[in-house]
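Remarks on the structure that follows.
The values are calculated or read from the model by the stated rules, or taken from the named source; none is laboratory data. Please read these numbers as outputs of a predicted model, since none were measured by experiment. No Cβ is skipped: glycine too gets one built from the backbone with ideal geometry, and neighbour counts run over all protein chains shown.
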Amino acid sequence: MMKTLLPGAMSGTGQLMTLGVMGGGQLGRMFVQAAQAMGYFTAVLDPDPASPAGLISHFHIQTPYDDEQGLAQLMQRCEAITTEFENVPAGALFTLGAHRPVAPSSQCVATAQDRVREKAHFVRSAPTSGVLPAPYAAIDTPELLAAAPADLLPGILKTSRMGYDGKGQIRVADRAALAAAWDQLGRVPCVLEKLLALKAECSVIVARGADGQCVSFPVQKNTHRDGILALTEVHEGALDAALAARAQQATMAIAHELNYVGVLCVEFFIIDGPDGAPTLVVNEMAPRPHNSGHYTQNACDLSQFEAQVRALAGLPLPTPRQHSPAIMVNLLGDLWFEPNGVRAQRSEQPVSPPWAQVLALPGTHLHLYGKLSARHGRKMGHLNITGASVAEVRDTTAKVLALLGLPGLDA
Ligand code: ATP
Ligand code: MG
């Protein structure tokens, strides 16, 4: 049983209670902000001296993730440690876990970082979760490639490890394309997934404590563009209520079956079932807060990052309440080069998007990650938009999207 690490208390090592995070990206930065708001000190391990979380943390250990001395320093500084991206070597979390509470555990992260293990976990959990992944086959030898079932085509070949934002995946129409794609991906272990006709996509964030208590945030409806999350809508009418309830129940079951501690996000596809009714297919999970949960910062009485702090520190996890309808707009680096979305006017030097005009609209909350350079497809920040009603939030969002030159909302 984990002891409670109270904020502002002195730790066992005689310093102010410090929480640590492996990885210094934007998710780590928002964890640090939530921890600091509650009175914790923070330590970040990330080799990048300009990492978004490292820049604002009390301590920043700048070593590789598997560096023994770096890990020893982190353990010395911190009473408990979490992670902010799933490609942190699970072995490093295992090392830390021998000496400090680590949430999520190395086993949970190892499952989430490997699509084959992850899908096997979904299949194992199906009796309690009620959801299955898309039909798939593991491909890591020429024999398995040749034996790939024909009914998985057309499909998507995805690397088992290290994929994110649609990277490391190729759509394949037939066997020739499949073989070419496997070559292109370097013949690393992959999964071939059947290409499904998606009606929509949604995701659920849950927080689970070491005592097994689990709470769910409302269900997010997600829109991807070019394999990257573009928009998240969380309000009445965005999703069928019964379907959303099933997604929440399934996510809790998946977390329980892993004995997961921390914040977990599970992504789902919504397809037409055999009887024409909307049906859930589980896609993947992230062992950490998720881009689709950023709206919780401004629209709920508990953010996904505070939930991560609480789960790590052994503090209570009351069920979060959404107090405002919300839409989250991702801000990619492209916005800095295509003022007002005009590709033809692409500027060489980055230009700041029109924040003053955006922020003049009520209910707009800007979150920029402090990244020093904008690049095509790079997540630079997000905007949470809240309002008194769904109509108001959609209206403000339409104005924001127009100001930024982004495609409008679906009707
Ligand atoms: P993330 O940014 O969430 O980490 P990722 O790179 O791990 O993404 P996936 O979530 O597997 O990739 O896929 C990215 C997107 O591609 C999905 O959100 C979905 O829009 C589409 N996609 C993936 N698999 C399928 C499938 N089997 N059928 C149809 N569309 C799919
Ligand atoms: Mg995904």
Pull up region 191-228, narrow it to residues that are in a strand (DSSP E or B), closer than 15 Å to V281 by Cα and within 9 Å of ligand 1 (Cβ to nearest atom), then point me to the one that is farthest from the chain's Cα centre (by Cα). K194
For region 60-69, name all the residues that are within 19 Å of Q26 (Cβ to Cβ) and surrounded by fewer than 22 Cβ atoms within 10 Å (Cβ to Cβ). H60, Q62, Y65
Please tell me if S125 is within 18 Å of the chain's Cα centre (by Cα), surrounded by fewer than 23 Cβ atoms within 10 Å (Cβ to Cβ) and at pLDDT 95 or above. no
Please tell me if F41 is without any contact (Cβ under 8 Å) to a residue 40 or more places away in the chain and either surrounded by fewer than 23 Cβ atoms within 10 Å (Cβ to Cβ) or in contact with a strand residue (DSSP E or B) (Cβ under 8 Å, 6 or more places away or on another chain) (or both). yes
For region 284-315, how many residues are surrounded by fewer than 21 Cβ atoms within 10 Å (Cβ to Cβ) and not in a helix (DSSP H, G or I)? 5
I want to confirm something. Restricting to region 160-175 and keeping residues that are near ligand 1 (Cβ under 9 Å from one of its atoms) and part of a loop (DSSP other than H, G, I, E, B), which single residue is farthest from I139 (Cα to Cα)? D165
Any residue that is away from ligand 2 (no atom under 14 Å from the Cβ) and within 26 Å of A34 (Cα to Cα) - is there at least one of those in region 262-280? yes
Restricting to region 248-277, count the residues that are of a type in the set (G, A, S) and touching a residue at least 60 places away in the same chain (Cβ under 8 Å). 3
Yes or no: A245 at pLDDT 95 or above and over 26 Å from T82 (Cα atoms)? yes
Of the listed residues (L178, L231, L157), the one being at pLDDT 95 or above, more than 10 Å from ligand 1 (Cβ to nearest atom), assigned to a strand (DSSP E or B) and outside the structural domain of H382 (by TED's automatic domain parsing) is L157
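Scan S57, S11 and give me the residue that is among the hydroxyl-bearing types (S, T, Y) and surrounded by fewer than 24 Cβ atoms within 10 Å (Cβ to Cβ).
Details: S57 fails: surrounded by fewer than 24 Cβ atoms within 10 Å (Cβ to Cβ).
Exactly one residue qualifies, and that residue is S11.
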Listed by first then second residue, the pairs whose first member lies in region 278-292 and is at pLDDT 95 or above, whose partner is of a type in the set (A, V, I, L, M) and within 11 Å of ligand 2 (Cβ to nearest atom), with beta carbons under 6 Å and at least 6 positions apart or on separate chains, are M285/V266; N291/L229
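Any residue at all in region 70-77 that is within 12 Å of ligand 1 (Cβ to nearest atom) and under 19 Å from G28 (Cα atoms)? Lay out the reasoning, then the answer.
Pass one, region 70-77, residues within 12 Å of ligand 1 (Cβ to nearest atom): none.
Checked region 70-77: no residue is within 12 Å of ligand 1 (Cβ to nearest atom) and under 19 Å from G28 (Cα atoms).
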Which of the residues that make up region 278-318 are among the acidic types (D, E) and under 30 Å from S160 (Cβ atoms)? E284
In the set V206, V172, which member is surrounded by 18 or more Cβ atoms within 10 Å (Cβ to Cβ), in contact (Cβ under 8 Å) with a residue 24 or more places away in the chain and either in the same structural domain as P318 (by TED's automatic domain parsing) or within 20 Å of P133 (Cβ to Cβ) (or both)? V206
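Select from region 218-238 the residues that are of a type in the set (V, I, T) and within 13 Å of ligand 2 (Cβ to nearest atom) and list them in ascending order. Outline the logic, then answer.
First, pick out the residues of region 218-238 that are of a type in the set (V, I, T): 219, 223, 228, 232, 234.
Correct list: T223, I228, T232.
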